[in-house]
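Take a look at the structure below.
The values are calculated or read from the model by the stated rules, or taken from the named source; none is laboratory data. What you are looking at is a predicted structure, and each value in this text was computed from that prediction instead of being measured. Positions of Cβ are backbone-derived with ideal geometry, glycine not excepted, and every protein chain shown enters the neighbour counts. The protein model used for the area step is the full one, side chains on, heavy atoms only, and it has no ligands, DNA or RNA in it. Shrake-Rupley method; radii C 1.70, N 1.55, O 1.52, S 1.80 Å.
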Amino acid sequence: TKKLVDLMHGKIVAQSIYGKGSKFTVAIDQIVIANPTIVVEKEKTTTNKSYDLSSKRILLVDDNQINLKVAERLLKEFKVNVDKVESGFLCLDRISNNEHYDLILMDDMMPKMSGTETLQKLKQNANFNIPVVALTANAISGMKEQYLSAGFNDYLAKPIDRIELNRVLHTYLDK
């Protein structure tokens, strides 16, 4: 929070009383414009209504059932076949059992084995060539570059943005 407040040239003050709690005060200077002109630009989106990926398979890897359900619901719009697993270990099992997937969406922050550790184990197999996208709530500045340098093909922040999901699916499945 302090970094975000600093980026907006603001101040944050913390007051804490042991056993009772803490109070945080944020002050951010703003400029008030008397008669603002608001310009709204429409985002360019590609429609996914006609985007049929029914011949493609995606493996969702996340330890949180709610995250799996949300991602599956978003992917349903693309008519893609989705398999879900709740750990890196189960992901490794699927791949070692020669399950075929066109894309893996993998959470990084999982207990026992992170998504990054799972990816490193997957890449130890010389025949592994499935694109793997980091799916994470860790959306602070510089994280995308960190995930790419760790070997992920791409990065999707949670909550999943439909436009970004559309971009990722077009990039890796539209072949």
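Rounded to two decimals, what is Rg over Rh for segment 71-175 when you use alpha-carbon atoms and the Kirkwood radius?
That ratio is 0.93, to two decimals.
Of 124, 110, 171, which is farthest along the charge dipole of segment 105-175 in the positive direction, counting Lys and Arg as +1 and Asp and Glu as -1 at C-beta?
Value computed over the given set: 124.
Excluding ligands and nucleic acids, what accessible area in Å² is computed for residue 17 using a 1.4 Å probe, to the nearest 10?
The accessible area of residue 17 comes to roughly 110 Å².
Charges only on Cβ, +1 for Lys and Arg, -1 for Asp and Glu: so what's the dipole of the chain about the Cα centre, in debye to the nearest 20?
It works out to roughly 340 debye.
Order 79, 84, 20, 56 by their accessible area, 1.4 angstrom probe, all chains in place, largest first.
Sorted descending by solvent-accessible area, the residues read 20, 79, 84, 56.
Distance from the Cα centre of segment 127-175 to that of segment 49-99, in angstrom?
Each part's Cα centre sits 14 Å from the other's.
Order 152, 24, 89 by their accessible area, 1.4 angstrom probe, all chains in place, largest first.
24, 89, 152
Please give the calculated 222 nm ellipticity per residue for the chain, where each DSSP H segment of at least 4 residues contributes -39500 (n - 2.57) and the sum is spread over every residue; nearest 500 deg cm²/dmol?
-8500 deg cm²/dmol
Take each complete run of DSSP H in the chain, measure how far its Cα atoms stretch along the helix's own axis, and keep only those covering 15 Å or more with mean Kyte-Doolittle hydropathy at least 1.6; list them.
None pass (Cα extent of 15 Å or more, hydropathy at least 1.6).
Quote the relative contact order of the chain in percent (integer), defining contacts as alpha-carbon pairs under 8 Å separated by 6+ residues.
It comes to 16 percent, rounded to a whole number.
For residue 5, what accessible surface area do you get with a 1.4 Å probe? Give it in Å², rounded to 10.
Roll a 1.4 Å probe over it and residue 5 shows about 10 Å².
On a 1.4 Å probe surface of the protein chains, which of 103, 7 comes out largest in accessible area, and what is the full order?
Sorted descending by solvent-accessible area, the residues read 7, 103.
Would you mind working out the accessible area per residue for the chain, using a 1.4 Å probe, and quoting it in Å²?
In whole numbers, the chain has 69 Å² accessible per residue.
Over segment 51-175, with every protein chain in place, what whole percent of the accessible area is carbon and sulfur at 1.4 Å, could you tell me?
Exposed carbon and sulfur together represent 48 percent of the surface.
Out of [x] 17.2; [y] 16.0; [z] 18.9, which label holds the value of Kirkwood radius over Cα pairs in Å that was computed here?
Given [x] 17.2; [y] 16.0; [z] 18.9, the structure-derived one carries the label [z].
Holding the Cα-Cα limit at 21 Å, pick out from 56/84; 76/123; 3/69 the pairs that are longer than that.
76/123; 3/69
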